[in-house]
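Just below is one structure, and these are the notes that go with it.
Since every read-out is calculated from the coordinates, none of them should be taken as a lab result. Keep in mind the model is a prediction, meaning the values are calculated, not measured. So basically every Cβ, Gly included, is an ideal-geometry build from the backbone, and we count neighbours across all protein chains shown.
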Ligand code: PA5
């Protein structure tokens with residue numbers, strides 16, 4: 001049987017950190033009683049087609065189409081550039097960091113595909129620097145513009161800059177050759193542009209929100225073209241699907257993780273720290289941050305009552321943040337829960353060289369391995385946290401590969417659905433993001449937003465009294 005990721009949660013129990021901060025058996029029983037009916041509820045909602053992200057691992061046609069586009073482009077393309085933001089970029093970044101070597105872009109020997117750049121901001125200095133570098137490589141550069149709505153100002157502006165550059169430098173056919181649009185199958189500005197300009201295009205499936213879309217064409221194309229085995233990724237997700245539909249609460253990792261988070265939220269631990277002990281997983285902590293914050297931070301519950309709910313997700317990186325955050329995590333307020341991500345087998349454990357005679361105190365390291373050191377530091381940090389009664393959980397990756405990463409993605413997406421159900425909120429919308437998007441339209445002079453522009457004025461004009 002292929003390897004499965006595992007979830008370890010003894011270190012949240014009262015047995016380990018005491019009854020004040022730990023979860024007792026009785027409390028687990030209560031959590032089980034509350035969550036078990038939600039397992040059936042989510043399974044039913046999924047069957048009724050209400051959560052289409054759940055079916056992404058089985059979309060063979062999408063995978064085939066993505067692979068066909070990737071194969072078609074790979075030889076012509078030395079640089080692959082993703083233009084997108086939020087759910088249209090974070091998964092792409094996370095997959096690349098997780099599954100390709102650290103030096104992928106710089107070392108031709110370590111790359112199985114084109115260099116990958118993901119622009120998920122509108123910082124002119126950043127994009128300008130790239131454009132200067134890419135100017136004489138444009139004919140070998142493919143741009144994947146990703147926007148489900150097609151109206152996001154960041155992505156639209158990037159696209160308009162690139163479009164002009166391609167047309168000016170390479171002529172009228174450049175767009176068909178070098179742009180792939182990933183967007184809604186039928187609606188929106190980007191779909192309109194793609195259809196009219198006859199661009200290569202892929203689809204963001206109906207009903208799949210940005211932050212749940214990494215296993216659709218949104219995340220799969222950049223992964224596939226950069227040599228990541230997307231079939232294994234989807235197979236891993238399907239493997240996790242079986243586990244997270246299990247109606248036995250204690251066998252269902254998504255249900256139990258969501259329930260633990262919910263329990264602690266209601267007991268004042270409203271900050272949830274994800275701390276991978278693997279550089280490769282660091283951008284998945286970023287991806288999780290969006291998934292958790294945008295899905296669970298809500299004013300209203302499903303009945304329309306004001307609840308102002310939402311755990312705050314924080315990302316940290318082991319061991320780096322041991323030297324930055326752990327002082328706070330151990331001695332600051334006991335208002336956080338910790339999810340460590342640990343890789344059991346790093347494949348290249350990296351032996352540590354001998355200590356010089358002048359430094360025998362480093363002898364304990366020599367002959368050991370860096371893989372042992374990073375995992376020892378994880379255990380050491382966890383131990384230190386536990387002495388201060390901080391609840392800790394761990395997701396164990398037997399190895400980093402597309403199969404285990406696919407499991408992880410699917411697991412956290414379904415945990416988010418469970419958490420949404422426990423908090424009794426809609427985990428799939430993001431109404432609060434919209435006002436900022438519309439205010440940007442107003443400030444940028446878009447037609448139809450004149451009234452909003454007037455309302456914004458008092459807040460944007462600097463008041464000298466407060467300017468020092
Ligand atoms: O998760 C979400 O829905 C958001 O983060 C979106 O992905 C983000 O706002 C970008 O939207 P779009 O893909 O429509 O450009």
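Values computed for the structure shown
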item: Value of D in µm² per second that Stokes-Einstein yields for region 152-292, Kirkwood Rh from Cα pairs, at 20 °C (1.002 mPa s); result: 116
item: Over 21 Å [Cα-Cα, region 1-87], rounded percent; result: 67
item: Calculated over region 274-374: convex hull of Cα atoms, volume per residue (Å³); result: 127
item: Debye intensity ratio I(q)/I(0), log10, region 156-224, q values 0.17, 0.22, 0.28 Å⁻¹ (C-alpha model); result: -0.66, -1.00, -1.27
item: Residue 129 versus residue 348: modelled label distance in nm, points set 7 Å from Cα along the beta carbon direction; result: 2.6
item: Inverse of mean 1/r across different Cα pairs in region 310-468, Kirkwood, Å; result: 20.9
item: Stretch gain in nm, segment residue 75-residue 312, where the contour uses 0.36 nm per residue and the Cα spacing is subtracted; result: 81.0 nm
item: Cα gyration tensor shape of region 226-287, rounded if a/c is under 1.5, else prolate or oblate by comparing a/b with b/c; result: oblate
item: Spin-label pair residue 433/residue 137, simplified geometry with 7 Å Cα→Cβ offset, distance in nm; result: 3.0
item: Efficiency of FRET between residue 48 and residue 365 - r from beta-carbon atoms, R0 41 angstrom, step 0.05; result: 0.15
item: For region 385-462, fraction of C-alpha pairs farther apart than 21 Å, in %; result: 62
item: Whole-Å semi-axes of the ellipsoid equivalent to the chain (Cα gyration tensor, √5λ, descending); result: 37, 29, 24
item: Cα-based Rg of region 54-228 normalised by 2.2 N^0.38 Å, two decimals; result: 0.95
item: Full-stretch length increase - residue 335, residue 58 - with 0.36 nm per residue and alpha-carbon distance subtracted; result: 95.8 nm
item: Spin-label pair residue 372/residue 444, simplified geometry with 7 Å Cα→Cβ offset, distance in nm; result: 5.5
item: Kirkwood-Stokes translational diffusion coefficient of region 274-327, alpha-carbon pairs, 10 °C, 1.306 mPa s, µm²/s; result: 127
item: Highest to lowest packing among 322-332, 149-159, scored as the average C-beta count within 10 Å; result: 149-159, 322-332
